[in-house]
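Here's the structure we're looking at; comments come further down.
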Amino acid sequence: MTIKINGESKTLDRTALTLAELLVINQVESPDVVTVQINGKFLERTLFGTTRIQAGDDVDFLYYLGGGGGR
Amino acid sequence: MKGFTTKAIHGSLQKKDPHGSLRVPVYDSVAFEFEQAADMQQAFEGRRLAHSYTRISNPTVAEFEDRVRLLAEAAGVIAVSSGMAAIANVVLALAEAGSHVVTSKFLFGNTYSLFEQTLKPWGLAVSYVDMTQLAELKAALNEKTRAVFLETITNPQLQVADIRAVAQVARAHGVPVIVDGTMTTPWLFKSKDFGVAVEVISSTKCMSGGATSVGGLILDNGTFDWKQNPKVRPWVEKCGPRALLVFLRREIYRNLGACLAPHNAYLQIAGLETMALRMQKSCENARQIARWLSQSPKVSRVHYPGLESSPYYAIARSQFSGGFGSLLNFHLTSRKACFALMDQCQIVRRATNIHDNKTLILHPASTIFCEYSLAEKSHMEVTDDLLRLSVGIEDVEDIIEDLAQAMENL
């Protein structure tokens, strides 16, 4: 299936997978602290294992470390 | 990986050092570069985990934050420059002019000063209650209350409230409980299991490994629905359930600039690795000294939650695991007697700090509470005949022998 991850199109060699599996497959850094948004909706961490990724989903992995700092 | 010290030593094992260094290096760099402009944009948008500027985040500091997060099983942690910075950041994030905070009538002197002298003039209303009296707490809460703040063990009174019960009362009003867990740390008290929304810690104390450096921590346990707080609510809509942490990182903490120095983070990671071993020893030492002092004819009263005679023994035993802390207080006959004992101490040092490796003694009324009126001191039960002992990790026989010789001529 093809989905968008952080704005970039990505084709996965899977027909079905959960968000928790996507975190592993995509080697998402620091999965314990990442914030996930699917199609604009934030997901509670407790739902990562049961949320199914669908073809065409827009998935964002967010960290919020930066944000206007520095001079 | 389940053990407290195993987690403290190994962390989450996420990143290998490029040179195989077993210690986390000190990234003493202000800025971090990016390969491409687009990478930089992604980092600033939060779509990429990368450090850009040390006032906002830093690899050494992040490792310290991550290890504390693992130990506390918190949703996230932000390290700051001191315990006071942690309290100030959280209160400024949750409350605004015209809003209200309920706190304990027993507070660390500088925390009381922050509420009373720094924040009140900016329009924050503060109520002081006895946290062991839930009716007082309930009566103080109102529609403008933004937080309930208390210390896990009050300093220097050593009062221990039923924190689960306090949290239940606050949550019923949609208000988060913030605890100052400096005296307990996640080794003695896992605040997440007691309904606490946010824990602040002065990592200067138990964590720094013997008073090596000043630092503080903000832990969001991830248990509070931040939509209930008017200031954090917009950040929930914008950034999801980690809203408080994002609000802090992207506004309050960033703009106040009270970041932890990478070198201090390095020292505190080292301290964290041995914290459980040190706390075990200091708590056991404190209990033995409290028992010994309570037998002394020259001591009129001893306060220590680990003494069975303490009114807080039962609640402390039920909510703390592994000990009762390493701070104790005792009364002599007068300030003169207190000063005489202090001046005779050879091993016990006259200094203001707690949870050092060394045992430290001070007279609270003339030092950390010196700027307060007699009425304020009386309200906080800081009397002129009171001494505070922060018990270290020396051999306990030596501390007792030193106190005994210091008491001889009283």
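We did not get these values from a lab; they are worked out from the coordinates using the rules stated. This one's a predicted model, so the numbers in the text were calculated from it and none came from an experiment. Counting neighbours? That spans all protein chains shown, and the Cβs are built from the backbone with ideal geometry, glycine included.
Some values worked out for this structure:
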quantity	calculated
Taking the stretch A:2-62 and dividing mean pair separation by its residue count, relative contact order in percent (alpha carbons under 8 Å, at least six apart)	51 percent
Whole-angstrom gap from the stretch B:239-279 to the stretch B:293-314, using each part's C-alpha centre	36 Å
Chain B: relative contact order as a whole-number percent, Cα under 8 Å and 6+ apart	16 percent
Cβ-placed point charges (K, R +1; D, E -1), dipole of chain A about Cα centre in debye, nearest 20	120 debye
Karplus-derived 3J(HN,Hα), 6.51/-1.76/1.60, for each residue of the stretch B:110-115, Hz, glycine and proline x	5, 5, 4, 5, 4, 5
Size-normalised alpha-carbon gyration radius of the stretch B:276-407, reference 2.2 N^0.38 Å	1.01
Relative contact order, percent, the stretch B:123-199 [alpha-carbon distance under 8 Å, six or more residues apart]	30 percent
B:Lys2/B:Asp193 FRET efficiency (R0 25 Å; Cβ-Cβ; nearest 0.05)	0.95
Additional length obtainable on full extension of the chain from B:Gln36 to B:Ser300, 0.36 nm per residue less Cα span	88.1 nm
Computed lengthening from B:Glu116 to B:Gln346, 0.36 nm per intervening residue step minus Cα-Cα distance	79.1 nm
Charge dipole magnitude, Cβ of K and R +1, D and E -1 - the stretch B:1-45, Cα centre, debye nearest 20	540 debye
Whole-number D in µm²/s for chain B (Stokes-Einstein; Kirkwood sum over Cα pairs; 10 °C, 1.306 mPa s)	72 µm²/s
DSSP-loop GluC sites (Glu not before Pro) across the stretch B:267-329, with at most 11 other Cβ within 10 angstrom	B:Glu308
For the stretch A:40-56, 3J(HN,Hα) per residue [Karplus equation, 6.51 cos²θ - 1.76 cosθ + 1.60, θ = phi - 60°, Hz, x = Gly/Pro]	x, 10, 6, 10, 5, 4, 5, 9, 4, x, 10, 6, 8, 7, 10, 4, x
Cβ-based exposure ranking for B:Leu70, B:Leu327, A:Leu43, in which fewest neighbours within 10 Å come first	A:Leu43, B:Leu70, B:Leu327
Cα-derived Rg over Rh, computed across chain A with Rh taken as Kirkwood radius	0.99
Per-peptide average of other Cβ atoms within 10 Å, ordering A:19-28, B:256-265 highest first	B:256-265, A:19-28
Shielding score for A:28-39, defined as the mean number of other chain Cβ atoms within 10 Å	4
Lys/Arg +1, Asp/Glu -1 at C-beta; the stretch B:276-407 dipole; positive extreme among B:Ala406, B:Ser310, B:Met342	B:Ser310
Helix-only [θ]222 nm of chain B, DSSP H runs n ≥ 4, -39500 (n - 2.57) each, per residue, nearest 500	-10500 deg cm²/dmol
Number of partner chain Cβ atoms within 10 Å, mean per residue of B:53-65	2
Furthest towards positive pole of dipole, B:Thr223, B:Thr182, B:Leu150, structure part the stretch B:147-236, Cβ charges	B:Thr223
Backbone HN-Hα couplings from phi across the stretch B:241-249 [Karplus 6.51/-1.76/1.60, Hz, Gly and Pro as x]	x, 8, 4, 4, 5, 5, 4, 5, 4
Inter-probe distance in nm under a simple model that places probes 7 Å from Cα toward Cβ, at B:Ser309 and A:Thr46	4.6 nm
For the stretch B:133-283: Kirkwood Rh in Å [reciprocal of mean 1/r, alpha carbons]	16.7 Å
Alpha carbon convex hull of the protein assembly as shown, projected area averaged over orientations, nm²	23.8 nm²
Length released on extending from B:Ser366 to B:Ser378, taking residue separation times 0.36 nm less the Cα-Cα span	3.0 nm
Within 10 Å of each Cβ in B:235-246, the average number of Cβ atoms from other chains	4
Cβ-placed point charges (K, R +1; D, E -1), dipole of the stretch B:254-407 about Cα centre in debye, nearest 20	260 debye
